[in-house]
Structures are given as structure tokens and as C-alpha cells.
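Where a number appears in this text, it was derived from the coordinates with a stated rule and is not lab data. Everything numeric here is computed off the predicted structure, so don't read it as measured data. Every residue, glycine as well, gets a Cβ built from its backbone with ideal geometry; the counts of neighbours run over all protein chains shown.
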Amino acid sequence: ENTNENLVELLRTQRDLSDEQLRTLLETDAYDEALFAEADQVRRAHYGTEVYIRGLIEFTNYCKNNCYYCGIRRDNRHATRYRLTKDEILECCAEGYALGFRTFVLQGGEDPYFTDKRVCEIVSAIRKNHPDCAITLSIGEKPRESYQAYFDAGANRYLLRHETADDAHYAKLHPVELSAQKRKECLFNLKEIGYQVGSGFMVGSPYQTTDNLIADLRFLQKLQPDMIGIGPYITHAETPFADQKSGTLELTLRLVAVLRLMFPYALLPATTALGTIHPEGRELGLKAGANVVMPNLSPVRVRKLYELYENKICTGEEAAQCRGCLEQRVRSAGYEIVTARGDVRREDA
Ligand code: SAM
Ligand code: FES
């Protein structure tokens, strides 16, 4: 009884649908055109044509975890491991600042070398050099006290994808010592401390069902994160999932658009993984409702080594090249990169 437009229209006005309606929307391409158009309208109403840039610094690929999907998992003996020094990280930030970045994202494996003391020293040093910048951490699950210490040192945002909200699905993607419940607890702790929080999930991860995706959307409705990062799962040969298929462009774009309509205020990145599965993946992501891009600021000599999945893009480019490349891509999609911290714009804020 629902025409294409009115299911999409309903999602826009209610910012919600029943599970059955979401299933209908997610399981066919019939609604895509209407969905992308509506999502773009909503992004323009909230953020105009602005696209925020985040300078990504991948500062270590050592990891104590063994997630089955991830190329830098502990048991991948073929990975060449590296860590950046504090000075190298500060240099990346200085270079980024000169290029117009006002947000730095420090991402890494869960590397015990980076104790709370070391993380706090790095964060304080960035805070001192760049008082006007946002500092985002993405270093995994930590005790609440550690999150508090980083926050007190000057970090203000944290990215921790929930990966999948379903316990049983989570257990298929991770070894027993990791749990969906623990991960969710971390996210609520981060929020309570006062971080702007980013969560998210991989699209098309092994064994993922439409029900799992609906559970992801329901969890996000509970968490109400400021940022939601999604990208296709992409296979890596040196993992237990070597024989699994990667996620698709189509389903990822559909979910970006659904997220924009459910969370009009959210910061939604057009991710590197999306740019990896399709040459224009990031442009298409922007047109489906995304409003953030995250160019790489890591030194070129380590870029290839942060190999979460195969054929990752941007591994040969200098920071300035990556910045320039994205400038053009964003413009070609009909939007514009702005030099701003790009804080979340909640209607109630
Ligand atoms: N260690 C931190 C953590 O777990 O949050 C940050 C680094 S982790 C490598 C960053 C993200 O990479 C994960 O949240 C996951 O969604 C994504 N990722 C890992 N392996 C991937 C793959 N094979 N394809 C796509 N994304 C992947
Ligand atoms: Fe990095 Fe194009 S965005 S090279």
C-alpha cells in the first residue's frame, strides 16, 4: 500500500519506521533514488553544502586484539608493525594545521605501548600547540578512568564503532574475550564523560543479516551519537575471513541515506572503505547524505602498513595531495570543503 515516495517521506518526517518498513527499504533498490534525493535535501537543510575534513593520523598498527575481519589483528604475522613517535605525531598535526585541518583523529590498534600516560602526553602536546582544534581519539576499548584521563588532557571526541549491535553476530566477528555488551558500555561511558561520540558499523560484514542492520539502527537511536561511521566490510587475505565476500557499494549508500534521514544532525563520513570499493564511492556517499571526509595525514612511509583491508586507497599520497584530491572530489559532487572544527549541530543545542 506504500508507494516508494511515501515510505521515504515517512522516514523523513518521523525519523523512524517500523522494523518491517525498514526491512522493505533495505532489501530492495526500488527506493534508492527517492531515498538519496530526500537524504541530500535533509543534509542541505542542516549543513548546507559544507563538508568537514578530519585529518587522520594512523599512529600505530600494533594491536593486542584479534578481530576476525581486521588486517592488523594480532595473529597476522605478515603485517609489518610500526608506531609513530610523539614528535612524528606532532609533525603530522603541524602539517595538517597548515593545510587547514582543525580536527585531528588519532587512530590505532590497541597497542599497550601507548599507556594512558603516553596518550595523555601526546594529547596535551597537541592541545597546547593547537588550542583551536578538536582532538579525536580512536584507540578502542579502555576503562572509564582512562577515557576520563584523555578527556582531561584535552581530547574532545572519540570514535568507537559498535561494529554490530547483536550479541550473537558480534561473537561471530570477534574472539570470546570481546563482547558487544562491553563495547556498548564503553560508548555510554564516553558520552557521560562529555566526549562527542562516534559509533558505527561495517556494512556487509560476514554473517550480517537485515535483522542485524535493523538492530544497529535501533542501538544508534538509543545512543544518539554525534557521528556515525559506516563503510563496507572489505576482505583481507591474512585473516580468518579471507574467503568471505566484501560488502557492497549499493547497500552502504542506502544505509548512509537512511542514517541521514533518521539522524538529520549527525556527522556522517564518506569513508575510505567506501572510496576503496568504488572509484567514486566517496562522492556517491556525499550525494547520499554524508558530510565528512577524512584525508590521511600519516607519513607516507607507514601508509601501506595500516592495512585494515586490501587495496586501501590514499596510501601513496602526501597529506597535501590527499587534501587537494578531496577538495576536487567534494567539489565535483556539488559540495565544498570548509576549514572549521565542524562540531555537531544538534537542533536542541
Ligand atoms: N582499534 C580501534 C577500534 O577497534 O576501534 C581503532 C582502529 S580499528 C582498525 C577501526 C575500524 O576499522 C574498526 O572499527 C572497523 O570497523 C574497521 N575495519 C577493520 N577491519 C576492516 C575491514 N576488513 N573492512 C572494513 N573496515 C574494517
Ligand atoms: Fe587521498 Fe584522494 S583522498 S588521494
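For region 220-349, just say rounded, prolate or oblate: build the C-alpha gyration tensor, square-root its eigenvalues into a ≥ b ≥ c, call rounded for a/c under 1.5, and beyond that prolate if a/b exceeds b/c, oblate if not. Judged from the Cα gyration tensor, region 220-349 comes out oblate (a/c at least 1.5, b/c at or above a/b). Could you work out how far the C-alpha centroid of region 243-310 sits from that of region 159-215, in angstrom? So the two Cα centres are separated by 18 Å. Here's the picture: charge each Lys and Arg Cβ at +1 and each Asp and Glu Cβ at -1 in region 48-338, and of Leu173, Leu286, Gln244 the one pushed furthest to the positive end of that dipole is Leu173. Find the relative contact order for region 48-338 and round it to a whole percent, using C-alpha pairs within less than 8 Å whose residues are 6+ positions apart. Relative contact order comes out at 22 percent. Among the trypsin sites (Lys or Arg not before Pro) found in region 276-342, those both in a DSSP coil and sparsely packed, with 16 or fewer other Cβ atoms within 10 Å of their Cβ, are Lys304, Arg341. Note on region 48-338: with charges restricted to the Cβ of Lys and Arg (+1) and Asp and Glu (-1), its dipole about the Cα centre is near 100 debye.
For the chain, the C-alpha radius of gyration sits at 0.93 times the compact-globule guess of 2.2 N^0.38 Å, with N the residue count.
Under 23 Å between alpha carbons, and skipping anything fewer than 8 positions from Lys172 in its own chain: which lysines qualify? Counting by Cα, and skipping residues close in sequence, Lys172 has these lysines nearby: Lys64, Lys142, Lys182, Lys184, Lys245.
Using C-alpha pairs under 8 Å with a sequence gap of at least 6, the mean separation divided by the residue count of region 131-202 gives a relative contact order of 39 percent. Got the relative contact order for region 185-302 handy, in percent, Cα pairs under 8 Å and 6 or more residues apart? So the answer I get is 23 percent.
Counting Lys +1, Arg +1, Asp -1, Glu -1, what net charge surrounds Ile230 among other residues with beta carbon under 14 Å of its beta carbon?
+1
In this simple spin-label approximation, Asn65 and Thr210 carry label points 7 Å from Cα along the Cα→Cβ vector, and these lie 2.9 nm apart. Of interest is the spacing of the C-alpha centroids, which for region 319-344 and region 80-111 amounts to 19 Å. In this structure, Ala94 and Arg118 have a Cβ-Cβ separation that, at R0 = 22 Å, corresponds to a calculated FRET efficiency of about 0.70. Taking the DSSP beta bridges with both ends in the chain, the antiparallel portion is around 5 percent. Of all lysines in the structure, the ones whose alpha carbon falls short of 16 Å from that of Lys304, not counting any fewer than 8 places away in one chain, are Lys312. Each Lys or Arg adds one and each Asp or Glu takes one away; over the other residues whose Cβ falls under 10 Å from the Cβ of Ala165, this sums to 0.
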